[in-house]
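J.: Below: one structure in structure tokens.
None of the figures in this text is laboratory data; all of them are computed from the coordinates on show. Keep in mind it's a predicted model, so treat the numbers as computed, not measured. For neighbour counting, all protein chains shown are included, and Cβ atoms are generated from backbone atoms with ideal geometry for every residue, glycine included.
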Amino acid sequence: MEPIPKDLFDILACPLCKSDLRYTKNKKALVCVKCSHKYPIRDGTPSLLPY
């Protein structure tokens with residue numbers, strides 16, 4: 001089972017460069033395919049705040 005529902009995951013994008021996001025191997029974070037910025041997933045909710 002995926003931590004984020006597929007219909008939501010399909011519309012997510014990196015807030016910094018607007019590229020697609022992919023899960024890390026352990027599925028505890030999302031990583032941008034272009035700029036490689038990582039965004040943690042907590043309780044099924046991605047934290048897309050760039051810092």
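J.: Kindly indicate whether residue 51 is on the phi < 0 side of the Ramachandran plot and either surrounded by 12 or more Cβ atoms within 10 Å (Cβ to Cβ) or acidic (Asp, Glu) (or both).
T.: Taking the combined requirement at face value, the residue does not satisfy it.
J.: Would you check which residues across region 8-37 are acidic (Asp, Glu) and either over 17 Å from residue 50 (Cα atoms) or loosely packed, with under 12 Cβ neighbours inside 10 Å (or both) and list them?
T.: Hit for region 8-37 is 10, nothing else.
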